[in-house]
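Encoded as structure tokens, the structure appears first; notes follow it.
The values are calculated or read from the model by the stated rules, or taken from the named source; none is laboratory data. What you see is a predicted model; the values in this text were computed from it and never measured. Reconstructed Cβ throughout: ideal geometry from the backbone, glycine too, with neighbour counts over all protein chains shown. All accessible areas refer to the heavy atoms of the entire protein, side chains included, with ligands and DNA or RNA removed. Shrake-Rupley method; radii C 1.70, N 1.55, O 1.52, S 1.80 Å.
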Amino acid sequence: MDNEIYTDIILDYYRHPKNFGKIEDAQIKFKDTNPMCGDIVEMCVKINGGCVMDAKFCGKGCAISQAAASMLTESIQGKSLDEVKNISKEDVLGMLGIELSAMRLKCALLPLKVLKVGVLNFLGGNLEELNTPELK
Amino acid sequence: MKTEFEVLNVEKIRRDFPILNQTVNGKPLVYLDSSATSQKPLCVIDVINNYYKTYNANVHRAAHRLATEATEAYEESRRKIANFIGAEQQEIIFVKNTTEAINLVFYSWALENLKAGDVVVTTIMEHHSNIVPWQQLQSKGVKLGIIDILTDGTLDLEQLKAVMSDKVKLIAVTHCSNVLGTINPVKEIAQLAHKYGALVLVDGAQSVPHMPIDVKDLDCDFFVFSGHKMLGPTGIGCLYGKEEILKKMKPFMFGGDMIKEVHLRETTFADLPNKFEAGTPDIAGAIGLGAAVDYLQNIGMKNIYAHEKELVRYAIERLSQVKDLKIVGPTDSNKRGGLVAFTLGDIHGHDLSQILDAEGIAVRAGHHCAMPLHERLGLASSTRASFYFYNTKEEVDKLVEALEKARTIFKL
């Protein structure tokens, strides 16, 4: 694995993340960590009429996990919860625009996992719907 | 002036470690993660192979020749390890690692002897394995005293003295911090503990591999360590305990090999050390660790300590010149073991270790199983370069070069 993953875009999202913070009256709040490296991501999503009205994240971690979290909050604004539920691993990698080793994939996918568990809890869904092994 | 140590022939030593002779991502491997686990010399690998190839049998059970040979080799390893740290052979209990050794003391000593109102003292610089077990005592009403560090990364001994009372029953302290590198004055701490009738457990995971140890001189009551950080295989570690203390402790694992006599409704337990070694042990691991101890003694622990001290001095000197780099822990190499943790600007440890990996350099990043210490230092993570006697100053230079590259990639 070479160092081409640290693109200008990723470094910009790492240093100046969009939607960083909390939403006090969010219906969805969920937090998880990657114990191996200590990444922490918390997602807050405010819902109106089954759609995302606002989404923010906060946390600490590597450039990949924090950039992925920020990009994810941007991408779900206005989307229906069904659409959010169906965001895939490939979608996140597409946003990041880089290729990752198996170890770093965990960093990239932590925000998606947090978001999906939060949405599934809210919808009363089954966590088995987390359909890729990386998200479990 | 007469020196008390010999300068090591590292080039020759490295030939004993076949794994070091390889490229990673097209660059020669620079292995700076020995605090996580050390590499193994060929002689250790061969001894393990040879056991399985020529005399594999269960220990302490049968009278046939292979079993006799296996038992003799297993017990011979115990003698070697005892001798290595200045203990008696019946005071060495084989366990799987440092964590299990601490858990043995937790179950067999702490749970049996401590009551509400008693105090266990530990420190902010402990590995999780020397904090989490003691936290569990809080549900019994046992209080936990946690000693802080001073700004230079050394232990606050004044605070330790201040918290001592006859309520304190145990001080659990690391000999060498796996993040700060700080070497704690455990002999002095043991003296203090004994003045108040408390016992001392020393986590030697980061010290035994790197410096001469004499448990009788330190006068600690328990000393715990893992084999895999000192050239041995994974799956084997040791608990040293003073004989009179171990004798009074009840086993916490029951089953075969730890008994004298078993009747339908009652059992007499075996003597030390077998009382604490229920079930078939890691025979190959113990034999491998014995070979590792032979190898270390042949090189000489004083020589190893001197080599690493000089490496750390050099590393601190070079790393201090890297812009935006902050060293974690004491900058005086006399107060340190063979590792240096640091942060570089706003680069997360995980990102930094990936950039270093691309240069063939293996370091550890994260919280190093010391989250309370990182919280205390206000760090989300750190990056750690840890050395052993097979590392060189040239490798430190490569680390520094790669860190400069990381600064460029992250536009620092």
Discussion item. Among the numbered criteria (1) touching a helix residue (DSSP H, G or I) at 6+ places or on another chain (Cβ under 8 Å); (2) surrounded by fewer than 20 Cβ atoms within 10 Å (Cβ to Cβ), which one does B:Ala82 miss?
Written reply: (2)
Practice prompt. Go through the stretch A:59-76 and give me each residue that's surrounded by 18 or more Cβ atoms within 10 Å (Cβ to Cβ) and part of a strand (DSSP E or B).
Written response: A:Gly59
Worksheet item: Any idea which residue in the stretch B:379-395 is modelled with the lowest pLDDT, counting only those that are closer than 29 Å to A:Asp8 by Cα and either of a type in the set (Phe, Trp, Tyr) or in contact with a Lys or Arg (Cβ under 8 Å, 6 or more places away or on another chain) (or both)?
Response: B:Ala380
Item to complete: Sort out which residues of the stretch B:269-290 are assigned to a helix (DSSP H, G or I) and touching a helix residue (DSSP H, G or I) at 6+ places or on another chain (Cβ under 7 Å), and write them in order of number.
Response: B:Phe276, B:Ile283, B:Ala284, B:Ala286, B:Ile287, B:Gly288, B:Leu289, B:Gly290
Worksheet item: Given (1) over 11 Å from A:Leu110 (Cα atoms); (2) buried (at least 16 other Cβ atoms within 10 Å of the Cβ), where does A:Glu83 come up short, assuming only one miss?
Response: (2)
Fill in: Among (1) in contact (Cβ under 8 Å) with a residue 24 or more places away in the chain; (2) in contact with an Asp or Glu (Cβ under 8 Å, 6 or more places away or on another chain), the one test that B:Asp156 misses
(1)
Worksheet item: Is there a residue being over 22 Å from B:Leu239 (Cα atoms) and either open to solvent by less than 50 Å² (accessible area, probe 1.4 Å) or free of Cβ contacts under 8 Å to residues at least 60 places away in the same chain (or both) anywhere in the stretch B:203-217?
Response: no
Response to the item:
Residue pairs qualifying under the 8 Å Cβ cut-off, at least six apart or on distinct chains, with the first in the stretch B:21-44 being within 14 Å of chain A (Cβ to nearest Cβ) and the second being hydroxyl-bearing (Ser, Thr, Tyr) and open to solvent by less than 70 Å² (accessible area, probe 1.4 Å), are B:Ala36/B:Ser386
Worksheet, complete the sentence: Taking the stretch B:277-300 and the residues there that are in contact (Cβ under 8 Å) with a residue 60 or more places away in the chain and open to solvent by 20 Å² or more (accessible area, probe 1.4 Å), the one that is farthest from the chain's Cα centre (by Cα) would be B:Thr280
Worksheet, complete the sentence: Given (1) more than 11 Å from chain B (Cβ to nearest Cβ); (2) touching a strand residue (DSSP E or B) at 6+ places or on another chain (Cβ under 9 Å), A:Lys85 misses just (2)
Worksheet item: Across the stretch B:93-110, what is the total count of residues that are within 16 Å of the chain's Cα centre (by Cα), of a type in the set (Ser, Thr, Tyr) and open to solvent by less than 30 Å² (accessible area, probe 1.4 Å)?
Response: 1
Item to complete: State whether one or more residues within the stretch A:30-37 are away from chain B (no Cβ under 14 Å), in contact with a Leu (Cβ under 8 Å, 6 or more places away or on another chain) and not basic (Lys, Arg).
Response: yes
Worksheet item: Just a yes or no: is a residue in the stretch B:394-410 free of Cβ contacts under 8 Å to residues at least 12 places away in the same chain, among the acidic types (Asp, Glu) and either within 13 Å of chain A (Cβ to nearest Cβ) or open to solvent by less than 10 Å² (accessible area, probe 1.4 Å) (or both)?
Response: no
Worksheet item: Among the strands (runs of 3 or more DSSP E) contained in the stretch B:291-379, which hold 2 or more residues that are within 14 Å of another protein chain (Cβ to nearest Cβ) and touching a Pro at 6+ places or on another chain (Cβ under 9 Å)?
Response: none
Worksheet item: Of all residues in the stretch B:80-94, which are closer than 14 Å to B:Gly290 by Cα and either part of a helix (DSSP H, G or I) or touching a strand residue (DSSP E or B) at 6+ places or on another chain (Cβ under 6 Å) (or both)?
Response: B:Lys80, B:Ile81, B:Ala82, B:Asn83, B:Phe84, B:Ile85, B:Gln89, B:Ile92, B:Ile93
Response to the item:
B:Arg336 passes all but one of the listed conditions (1) more than 19 Å from B:His127 (Cβ to Cβ); (2) within 19 Å of the chain's Cα centre (by Cα); (3) open to solvent by less than 10 Å² (accessible area, probe 1.4 Å); the exception is number (1)
